[in-house]
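Chemist: Attaching a single structure in structure tokens format; questions to follow.
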Amino acid sequence: SSSTAPGPIRLRPADNTNEELFKRSMKVIFSEDAFVTPRYNVTMAHVPMVRPGFVLGMKHIQPQYEIPTGEEIYEFAHSLFKKVQLSSECSIVCLIYVERLMETAKVPLLASTWKPIFMCGLLLASKVWQDLSSWNIEFASVYPQFSLESINRLEHLFLQHIKWDLYISSSLYAKYYFALRSLLEKKDFRQRYNRMVGGVDNVAASEALKIQQRTEVVKEEALLQLSRSM
């Protein structure tokens, strides 16, 4: 895992992927199209026949992806934190896992991939940190465009591409925490972040150690699950 403090994650347009930094195949694998329930336009036309009748036509709605605004990202996360009652620590663990995915598997964070990646990062963070971790079906209820089967598949892909490495050392957690804390000093960021996560404004060394201990257990469980699937 990375030993450096996180830098700003920048979203890219869906068609602007640097092959040296990211793999184009990852753009397809983690695209929102691969996980959301397809939507269709239905039209009904009267067709003269021997017997009067109507013909239904269905056309797949091709989604258009644009780089989200800060407000759109905030609303996407806030609805989950509020309904599933995620703790503020989950946002830090999520960031670590998202950057690990980007670094390990060269997965690009694009307009077409950020929602599945962000959502799955929070799902794994919940299972690592919280005493009562969220069930995948809870995430499906918050984001109905993602079916339970799609979320299960997304979770397995995410774990596979970070090589089932869920371990977070206390020092790495602390680096991410203080990097995020520095952002809180920026105008309006502190208030918006605390509103999103309902968070606290400090972290104890015991919390970083707790993350380390929990991820050690989760890593062993993930490796056991992997061995059983082989």
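The values are calculated or read from the model by the stated rules, or taken from the named source; none is laboratory data. A quick note: this is a predicted structure, and the numbers were derived from the prediction, not measured. Cβ coordinates were reconstructed from backbone atoms using ideal geometry, including for glycine residues, and neighbour counts include every protein chain displayed. Quick note on the areas: whole protein, heavy atoms, side chains included, nothing else; ligands and nucleic acids left out. Shrake-Rupley method; radii C 1.70, N 1.55, O 1.52, S 1.80 Å.
Chemist: Count, please, the residues in region 133-143 that happen to be hydroxyl-bearing (Ser, Thr, Tyr), open to solvent by 20 Å² or more (accessible area, probe 1.4 Å) and over 12 Å from residue 93 (Cβ atoms).
Modeler: Restricting attention to region 133-143, the residues satisfying the condition of being hydroxyl-bearing (Ser, Thr, Tyr) are 133-134, 141, 143.
Now restrict to residues that are open to solvent by 20 Å² or more (accessible area, probe 1.4 Å): 133, 141.
Now drop any that are not over 12 Å from residue 93 (Cβ atoms), which leaves 141.
Residues in region 133-143 being hydroxyl-bearing (Ser, Thr, Tyr), open to solvent by 20 Å² or more (accessible area, probe 1.4 Å) and over 12 Å from residue 93 (Cβ atoms): 1 in total.
Chemist: In region 24-50, which residue that is open to solvent by 50 Å² or more (accessible area, probe 1.4 Å) and at pLDDT 90 or above is nearest to residue 155 (Cα to Cα)?
Modeler: Here the residue is 29.
Chemist: Now, a different point. Which of the residues that make up region 74-115 are closer than 24 Å to residue 174 by Cα, without any contact (Cβ under 8 Å) to a residue 60 or more places away in the chain and within 14 Å of the chain's Cα centre (by Cα)?
Modeler: The one that is closer than 24 Å to residue 174 by Cα, without any contact (Cβ under 8 Å) to a residue 60 or more places away in the chain and within 14 Å of the chain's Cα centre (by Cα): 94.
Chemist: Same structure, new question: Of the residues that sit in region 156-171 and are among the polar types (S, T, N, Q) and closer than 17 Å to residue 95 by Cβ, which one is most open to solvent (accessible area, probe 1.4 Å)?
Modeler: Here is the first cut: in region 156-171, the ones among the polar types (S, T, N, Q) are 160, 169-171.
Okay, now just the ones that are also closer than 17 Å to residue 95 by Cβ, so 169-171.
Values: 169: 30, 170: 30, 171: 68 Å².
So the residue we want is 171.
Chemist: Further, regarding this structure: Filter region 97-132 for residues that are closer than 19 Å to residue 87 by Cα and open to solvent by 50 Å² or more (accessible area, probe 1.4 Å) and give the result. If you could, list the steps in order and put the result at the bottom.
Modeler: At the first step, the residues of region 97-132 found to be closer than 19 Å to residue 87 by Cα are 97-98, 117-132.
Selection gives 127, 131, 132.
Chemist: I've got another one for you. Could you tell me which numbered condition residue 88 fails, if it satisfies all but one of (1) surrounded by fewer than 20 Cβ atoms within 10 Å (Cβ to Cβ); (2) in contact with a Cys (Cβ under 6 Å, 6 or more places away or on another chain)?
Modeler: Against the list (1) surrounded by fewer than 20 Cβ atoms within 10 Å (Cβ to Cβ); (2) in contact with a Cys (Cβ under 6 Å, 6 or more places away or on another chain), residue 88 comes up short only on (2).
Chemist: When residue 178 is evaluated against the numbered criteria (1) aromatic (Phe, Trp, Tyr); (2) more than 26 Å from residue 67 (Cα to Cα); (3) at pLDDT 90 or above; (4) open to solvent by 40 Å² or more (accessible area, probe 1.4 Å), which criterion, by number, is the only one it fails?
Modeler: (3)
Chemist: Here's another thing I want to ask about it. Does residue 187 fit the bill of being more than 24 Å from residue 69 (Cα to Cα), at pLDDT below 95 and surrounded by fewer than 17 Cβ atoms within 10 Å (Cβ to Cβ)? Please lay out each step first, then the result.
Modeler: Values: more than 24 Å from residue 69 (Cα to Cα): no; at pLDDT below 95: yes; surrounded by fewer than 17 Cβ atoms within 10 Å (Cβ to Cβ): yes.
Here the answer is no, as residue 187 does not meet what is asked.
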